[in-house]
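The values are calculated or read from the model by the stated rules, or taken from the named source; none is laboratory data. Keep in mind the model is a prediction, meaning the values are calculated, not measured. Cβ placement follows ideal geometry from the backbone for every residue including glycine, while neighbour counts extend to all protein chains displayed. In case anyone asks, the SASA skips ligands and DNA or RNA and just uses the protein heavy atoms, side chains included. Shrake-Rupley method; radii C 1.70, N 1.55, O 1.52, S 1.80 Å.
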Amino acid sequence: MTAQKKETFLKDYTPPAYLVDRIDLRVELDPHATLVQSRLQCRANTAAGGPLVLDGERLQLLRVAIDGVDLGPGRYTFA
């Protein structure tokens, strides 16, 4: 089965709610469980507004923190 690419038009574009100024990635490769740690430096886009949404597939969330302080489960949603 071949995946079909979805065509995106400029008229459908919306500005991101957050702008990312810096990304630091640490990747530990393992045949059974690769670990990826990401640290983002981002700021709200006042022209767009909205929540920070991070997309991923087949991931296991281990930790969410802001400025090094862990967020409890009631402070974010994960779906």
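For Ala47, are the conditions met, namely being touching a residue at least 24 places away in the same chain (Cβ under 8 Å) and surrounded by fewer than 10 Cβ atoms within 10 Å (Cβ to Cβ)? Reasoning before the result, please.
Numbers: touching a residue at least 24 places away in the same chain (Cβ under 8 Å): yes; surrounded by fewer than 10 Cβ atoms within 10 Å (Cβ to Cβ): yes.
Spelling it out, Ala47 is indeed touching a residue at least 24 places away in the same chain (Cβ under 8 Å) and surrounded by fewer than 10 Cβ atoms within 10 Å (Cβ to Cβ).
Within the stretch 24-43, count every residue that is out of contact with any strand residue (DSSP E or B) (no Cβ under 6 Å at 6 or more places or on another chain) and either within 22 Å of Ala65 (Cβ to Cβ) or not in a loop (DSSP other than H, G, I, E, B) (or both). Before you say what the answer is, go through the steps one by one.
Here is the first cut: in the stretch 24-43, the residues out of contact with any strand residue (DSSP E or B) (no Cβ under 6 Å at 6 or more places or on another chain) are 29-34.
Filter again for either within 22 Å of Ala65 (Cβ to Cβ) or not in a loop (DSSP other than H, G, I, E, B) (or both), leaving 33-34.
The number of residues fulfilling the criteria is 2.
If you check Asp55, Asp24, Asp30 for being touching a Lys or Arg at 6+ places or on another chain (Cβ under 8 Å) and surrounded by fewer than 10 Cβ atoms within 10 Å (Cβ to Cβ), only one passes: Asp24. Pairing residues of the stretch 1-29 that are more than 12 Å from Leu40 (Cα to Cα) and modelled with pLDDT under 85 with residues that are part of a strand (DSSP E or B) and open to solvent by 100 Å² or more (accessible area, probe 1.4 Å), at Cβ distances under 8 Å and at least 6 apart in sequence or on separate chains, gives no pairs at all. Any residue in the stretch 59-74 that is assigned to a strand (DSSP E or B) and open to solvent by 100 Å² or more (accessible area, probe 1.4 Å)? No: the stretch 59-74 contains no residue that is assigned to a strand (DSSP E or B) and open to solvent by 100 Å² or more (accessible area, probe 1.4 Å).
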